[in-house]
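For reference, the structure is listed below as structure tokens.
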Amino acid sequence: LPLAFSFTTSNRMASKQTTYEHQLIANDCTDYFDLYQSKCNQYDELMTATEKLEKAYAVLLNKKNKEILKLKDEVETLKEKLKARQENDDEYAKDKGSETSESQ
């Protein structure tokens, strides 16, 4: 009887120890899963923020490209006006030069 009692008590203690260890492992798993879930949520938030930034960047880039094209057009217009003015000034100078030589 004492041997059976000792064996049963030993089994109960081993069972309690195993249950305790299993509970610790389960708690660790829960903690790791919660940490994993938190990291997944952070990743999702970062990806959402990144997508928003990429869209905002694309909008700004498009706006700046339009401004650049507009400025290029303005520069071309100014170049054409300058060229026309220079041609006009050259003709005026020729006309003045011919008037001066004719009057002499």
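Side notes on the structure shown:
- For q = 0.27, 0.31 Å⁻¹, Debye-computed log10 I/I(0) when each Cα of the range 49-101 counts as one equal scatterer: -0.93, -1.01
- Partners for Lys83 among lysines (Cα-Cα distance below 17 Å; same-chain residues under 8 apart left out): Lys72, Lys94
- Computed E for Val75/Ala49 - FRET, C-beta separation, R0 35 angstrom, nearest 0.05: 0.40
- Computed across the range 8-84, the Kirkwood hydrodynamic radius from all distinct Cα-Cα pairs reaches 18.7 Å.
Each reported figure results from applying straightforward, stated rules to the coordinates on display, with no laboratory input. Quick caveat, the model's predicted, so the values are computed rather than measured. Ideal geometry is used to build each Cβ from the backbone, glycine not excepted, and the neighbour counts take in all protein chains shown.
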